[in-house]
1. Using modelled backbone amide H atoms (1.01 Å from N, in-plane), which distant-in-sequence or interchain residues come within less than 5 Å of ASP63's amide H?
2. Using only Cα atoms and rounding to the nearest 10 degrees, what angle (0 to 90) does helix 394-406 make with the longest principal axis of the chain?
3. Using the beta-carbon distance between VAL123 and TRP212 and R0 = 25 Å, what value does 1/(1 + (r/R0)^6) give for FRET efficiency, to the nearest 0.05?
4. When the accessible area of the range 443-493 is computed with all protein chains present and a 1.4 Å probe, what percentage of it is carbon and sulfur?
5. Apply the a/c threshold of 1.5 to the C-alpha gyration tensor of the range 6-298 and tell me whether it is rounded, prolate or oblate.
6. Note down the relative contact order for the chain as a percent, whole number, built from C-alpha pairs under 8 angstrom at least six residues apart.
7. Of LYS341/LYS483; LYS65/LYS86; LYS65/LYS284; LYS461/LYS490; LYS378/LYS478, which ones are farther than 24 Å apart at the Cα?
8. About the Cα centre, and with charges only on the beta carbon of Lys, Arg (+1) and Asp, Glu (-1), how big is the dipole of the chain? Nearest 20 debye, please.
Amino acid sequence: MPHSFSFYNTLSRKIDDFVPREEGKVSMYTCGPTVYHFAHIGNIRTYIMQDALIKALEYCGYDVKRVMNITDVGHLSSDADTGEDKMLAGAKREHKTVMEIADFYTKAFFKDFDAVGNKRPDVIEPATNCIPEFIHMVETLLEKGYAYVAGGNVYFDTSKLEDYYVFSSAIEKEELQVGVRDDVEEDTAKKNKTDFVLWFTKSKFEDQALKWDSPWGVGYPGWHIECSCISMKHLGEYIDIHCGGVDNIFPHHTNEIAQSESYLGHEWCKYWFHSNHLNDRAGKMSKSKGAVLTVSVLQEKGYDPLVYRFFCLQSHYRKPLEFSFDVLDNTVTAYNNLVKKVEGLIASDDALKAADKNLESFLNTVRSSADVDKAVLKEFEDKFADAISNDLNTSMAVTLLYDVFKADTNASTKLAIIDSFDKVLSLDLIGHALADDSADIDPELEAYIKDAIERRAAAKKAKDFATADAIRDELLTKGVEIKDTREGVKWTLV
Ligand code: AMP
Ligand code: ZN
């Protein structure tokens, strides 16, 4: 039986206990990137938090299948179906073809996506792969009376729905309706202001680069249709969790639900997981703003991408997060301190010190070590599962990581716990400790520790306990904790 799991469901507007349709199995859809520009570190925050969610579910015993699209067609500058095609704008800007742009930025996206320790989705599908599926859904929506053709385009008729603003409270719905009525509406072909395009044959941009034949003429799909179709293609008529950033709630996810449930005739997805934005001091980061700060740029500036992951994991996914280099620099220090502590654990134990330093074989040594105290390991794993299953409390999970170093147990057990936590945190602290040239700890510090331990042993032998205690305290002020064990004096960096 998987561990119970709860998280904030945007649809119910509360923290729900998660109950998948099939016990132990999770089908998950995540909106992928629009590949007309680099993904900035804000976009990557969203993918890090989704990665944490997937890994947290897996840690808690669920089997997750995740599908993600690549928006390589159809996303106009404005979410309200107006403005220039973003892909085309990218192609013009860089004097490339739309497909070259898509290919280049898809590769760049996955380079950064991988670098921050994310696991790739099981299925990654570009929208341009699924044109027949889009056409089929649009045809069905027309047949069922949920869509109409006007001015050459096919629109979804939102007036056919009892509840279009599914994510909003009663008060918000009223505000949204007033807002929409007051909007300056450019598209006069629409029957209702909230209607959205399913298929374009006529848009303001006649030179649209990618076009396909359809029953309504040569054209291209609207943006929202791709996620409904790609999800159904790979996950069937129901999904358990749909993810995205908060900006996706309206109109994108609202429209996805409208068309999917009208097409299917039943509820489509019960749990909606939205993570909040990364802002810089100037406000929300946005791809369309031009110069973007990416994970690759951070790397060029000398920052380890996993430090950025650590930065994200320390705050809750539902809170906006402000980025600054000052905070990132502090995160570097904190991350390096953790790596040093792991190095200290390795150096404090002769068997670990002598073990093969290749990461895989080292982890095998740790995992199979008879020294690992299974009860302590389980106690920490249970606490960790409680934290991450409680609305994905990653900052609590990080706090638990710090607690490991202070725990009253041996180095092998501590490393086994850190290794276990890393299934979700993916910070690779052990890998970094092994790779660090100075992994065997600063020789000066090590010599000092050895000397201090000997001086303390001599003091104890001479029954000079005051001096022995003073040496212990002196070590502590230098971040070294010593313990008397049956196997002799053991020390760790704390
Ligand atoms: P896009 O490629 O612009 O469609 O965005 C990819 C993902 O990043 C979407 O799920 C967005 O909701 C999310 N996103 C966009 N801007 C930000 C931001 N500033 N912070 C965090 N996530 C964002
Ligand atoms: Zn989507």
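1. LYS25, VAL26
2. Rounded to the nearest ten degrees, it is 10.
3. Values: r = 22 Å, r/R0 = 0.88.
Efficiency, from the Cβ-Cβ distance: 0.70.
4. Working: 1870 of 3360 Å².
Carbon and sulfur: 56 percent of the exposed surface of the range 443-493.
5. Numbers: a/c = 1.43, a/b = 1.11, b/c = 1.29.
It comes out rounded by the Cα gyration axes.
6. Details: 742 pairs, mean separation 86.9, N = 494.
Reported as a whole number, the value is 18 percent.
7. Numbers: LYS341/LYS483 16 Å; LYS65/LYS86 30 Å; LYS65/LYS284 31 Å; LYS461/LYS490 18 Å; LYS378/LYS478 31 Å.
LYS65/LYS86; LYS65/LYS284; LYS378/LYS478, as the Cα separations exceed 24 Å there.
8. 540 debye
The values are calculated or read from the model by the stated rules, or taken from the named source; none is laboratory data. These numbers come from a predicted model, not from an experiment. Cβ sites come from the backbone with ideal geometry, for glycine too, and all protein chains shown count toward neighbours. We work out accessible area using only protein heavy atoms, side chains counted, and drop any ligands, DNA or RNA first. Shrake-Rupley method; radii C 1.70, N 1.55, O 1.52, S 1.80 Å.
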